[in-house]
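Since the structure comes first, as structure tokens, the remarks are kept for the end.
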Amino acid sequence: MILVIRIGGLVKMNYQIEEALFRLRLRRKYAAVLLHNTKENLVLIKGLRDYIAYGEISDEMLKKLIVERGQANGKKIDADKVIEGLNKKGLEELGLKPFFRLHPPRGGIKSRIHFPKGVLGDHGKDINKLLGRML
């Protein structure tokens, strides 16, 4: 699974970029979604890399994300069942909202440039560190 976190705001944003973010349900800053690792999703993410941070999420952090930030529709969340069902179904079918609202990162954002020096773009496995600061 790929975790995508929106970092950039709406000011002076191209309409096509804004529309793509809205379709992914990344409608405000520090919102996150889970996507399957498919060719189509990777092409879409590459076009948005100046506004988002993304990477491969570990199972441990996925469970922590669902427990702490998953919003159910009036039901108690069983994280293990949700993780098992993610390969076959979407979050909405499992009774959760399809996005996660996160805090701004503790310690702040160093810079809005790409990953090794800043926070935008492909983090790979290091997205777990950023997510840990945002939970």
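The values are calculated or read from the model by the stated rules, or taken from the named source; none is laboratory data. Since the model is a prediction, treat every value here as computed from it, not as a measurement. Here Cβ is always computed from backbone atoms with ideal geometry, including for glycine, and neighbour counts include all displayed protein chains.
The residues of segment 86-104 that are over 16 Å from residue 57 (Cβ atoms) and surrounded by 16 or more Cβ atoms within 10 Å (Cβ to Cβ), listed by number, are 94, 95. Taking residues in segment 72-86 that are assigned to a helix (DSSP H, G or I) and of a type outside the set (Gly, Ala, Ser), and partners anywhere that are surrounded by 15 or more Cβ atoms within 10 Å (Cβ to Cβ) and modelled with pLDDT under 80, the pairs with Cβ atoms closer than 7 Å and at least 6 places apart or on different chains are 82/94.
Among the residues of segment 3-30, those identified as part of a helix (DSSP H, G or I) and either under 28 Å from residue 87 (Cβ atoms) or at pLDDT below 90 (or both) are 20, 21, 22, 23.
Scanning segment 2-9 turns up one or more residues that are touching a Leu at 6+ places or on another chain (Cβ under 6 Å) and of a type in the set (D, E, K, R).
Only a single item in (1) farther than 21 Å from residue 118 by Cβ; (2) without any contact (Cβ under 8 Å) to a residue 40 or more places away in the chain is not met by residue 62, and it is number (2). Within the option set 43, 33, being in contact with a strand residue (DSSP E or B) (Cβ under 6 Å, 6 or more places away or on another chain), at pLDDT 90 or above and of a type outside the set (D, E, K, R) holds for one residue only, 33. Being farther than 19 Å from residue 66 by Cα and surrounded by 15 or more Cβ atoms within 10 Å (Cβ to Cβ) is the filter; apply it to segment 115-135 and report the residue that is farthest from the chain's Cα centre (by Cα). Per the criteria, the residue is 115.
Scanning segment 25-76 for residues that are among the hydroxyl-bearing types (Ser, Thr, Tyr) and surrounded by 15 or more Cβ atoms within 10 Å (Cβ to Cβ) yields 30, 51, 54, 58.
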